[in-house]
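Read-outs: derived from the displayed coordinates by stated rules, not from any lab. Please read all numbers here as calculations on a predicted model, not as lab measurements. All Cβ positions, even for glycine, are placed from backbone atoms using ideal geometry, and neighbour counts span all protein chains on display.
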Amino acid sequence: MTRLTTVTRGLLTTLAALLTATVPTATATATASAQAAEPKAPETFVALSSVDPTILQEMRYFTPHNFVGERIDGYAQPTCILTRPAADALHRAQRKLLRQGYTLKVYDCYRPQRAVDHFVRWAQDLDDQAMKDEFYPNVDKTRLFTDGYIAEKSGHSRGSTLDITLVRLPAKPTRPYRPGEPLVPCFAPREERFPDNSVDMGTGFDCFDTLSHTLDPRVEGVQRANRLLLKGTLEGQGFVNLAEEWWHYTFKPEPYPDTYFDFPVSRKSLTHPH
C-alpha cells in the first residue's frame with residue numbers, strides 16, 4: 001500500500017503541474033481569440049489624426065468626465081474614428097478655420113453600439129445620478145428617453161457623426177477632470193463651469209438643457225456668434241447640425257446611413273490604422 005500510495009502521489013503531482021502549466025496558455029489563447037473575434041471597421045473608416053493631425057481631440061467618453069461618470073464601454077483608446085468622407089470634409093473645414101485663428105476640437109466621433117447600450121443601462125438606473133449637477137441639473141432622469149437625450153440607437157454608430165467645438169489659437173490645455181470634484185451646472189457662466197479651452201458656446205458639451213439648442217434665442221452676442229461660426233463652416237463642407245445640440249454634426253450623404261457598427265474605438269479596429 002505504501003508503494004502504491006507513493007506512486008499515486010507522484011502521478012497526482014505530475015498531473016497538477018501539467019494543469020498549472022497549461023492554464024496560462026489557455027488563458028492567453030482565450031484572450032487572443034476574443035481579440036480576434038472583435039468586429040473590424042470597414043476599409044472606409046480612418047483615424048482622424050491620419051487625415052488631419054492639427055484637429056484637437058478630447059475624447060470625453062474615454063474619461064470619467066461625462067454624464068455617466070465613468071469610461072464608456074467600447075472606448076479602448078482616446079482616438080477619433082470616422083468614415084473617410086467625413087474626415088476629409090472636417091480637414092477642409094479645419095483649413096478654413098486655421099486661417100481665421102481657430103482650430104476644431106472633437107469630443108466624440110464614431111461611437112460603438114455597445115457604448116450606446118451603456119448609456120441606456122445608465123439611464124434606466126434612476127439611483128445613479130452622480131453627474132446630475134453638471135450635465136442635467138434641470139432634467140428629471142426619468143425623462144431622459146422621453147425628452148430625447150438618450151436613445152437606443154445613435155447616428156454616431158454609423159461613423160459620420162461627431163461632437164465638435166472651436167478653440168481659439170494658440171490653444172491652451174484643458175486641465176484633467178478629477179473624479180469627485182464639485183460639479184457646476186453646464187449652463188453656468190463660462191468662468192464658473194468646468195474649464196474647457198474651447199470658445200464660449202453658452203453651455204458645456206453634453207449639456208442636457210434647452211440652452212444647448214443651436215439657435216436658442218437666449219444665447220446671444222459672442223456665444224451665438226461662436227455657434228454660428230462653427231455651424232456655417234461645417235455646413236459649408238456638407239455637415240448637418242442637430243438643432244437640439246450645438247456640438248452635434250453629421251456629414252451627408254452618409255456612406256452607411258442604415259448600419260450601426262460595434263467595433264471598438266481603437267486603431268486596432270482599422271484596416272489602415274496610420
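Data overview
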item	result
Unmet requirement for Arg224, which otherwise passes all of (1) in contact (Cβ under 8 Å) with a residue 24 or more places away in the chain; (2) under 30 Å from Asp140 (Cβ atoms); (3) of a type in the set (Lys, Arg)	(1)
The stretch 192-219 - residue that is β-branched (Val, Ile, Thr) and either touching a residue at least 40 places away in the same chain (Cβ under 8 Å) or in a loop (DSSP other than H, G, I, E, B) (or both) and, of those, farthest from Leu242 (Cα to Cα)	Val199
Condition check for Arg224: outside any loop (DSSP other than H, G, I, E, B) and not aliphatic (A, V, I, L, M)	yes
Count of the stretch 237-259 residues which are part of a loop (DSSP other than H, G, I, E, B), touching a strand residue (DSSP E or B) at 6+ places or on another chain (Cβ under 6 Å), farther than 17 Å from Asp209 by Cβ and not charged (D, E, K, R)	2
Test: residue in the stretch 64-82 that is crowded, with 22+ Cβ neighbours inside 10 Å, over 17 Å from the mean Cα position of the chain (by Cα) and within 25 Å of Lys231 (Cβ to Cβ)	no
Criterion violated by Arg99 - all others in (1) over 25 Å from Thr271 (Cβ atoms); (2) surrounded by 16 or more Cβ atoms within 10 Å (Cβ to Cβ) satisfied	(2)
Residue within the stretch 113-130 that is under 22 Å from Ala47 (Cα atoms) and in contact with a Leu (Cβ under 9 Å, 6 or more places away or on another chain) present	no
The stretch 171-203 - residue that is of a type in the set (Lys, Arg) and more than 20 Å from the chain's Cα centre (by Cα) and, of those, surrounded by the fewest Cβ atoms within 10 Å (Cβ to Cβ)	Lys172
Candidates Glu254, Glu191, Glu244 - the one that is within 30 Å of Lys141 (Cβ to Cβ) and in contact with a Ser or Thr (Cβ under 8 Å, 6 or more places away or on another chain)	Glu244
Subset of the stretch 181-213 [within 20 Å of Gln94 (Cα to Cα) and hydroxyl-bearing (Ser, Thr, Tyr)]	Ser198
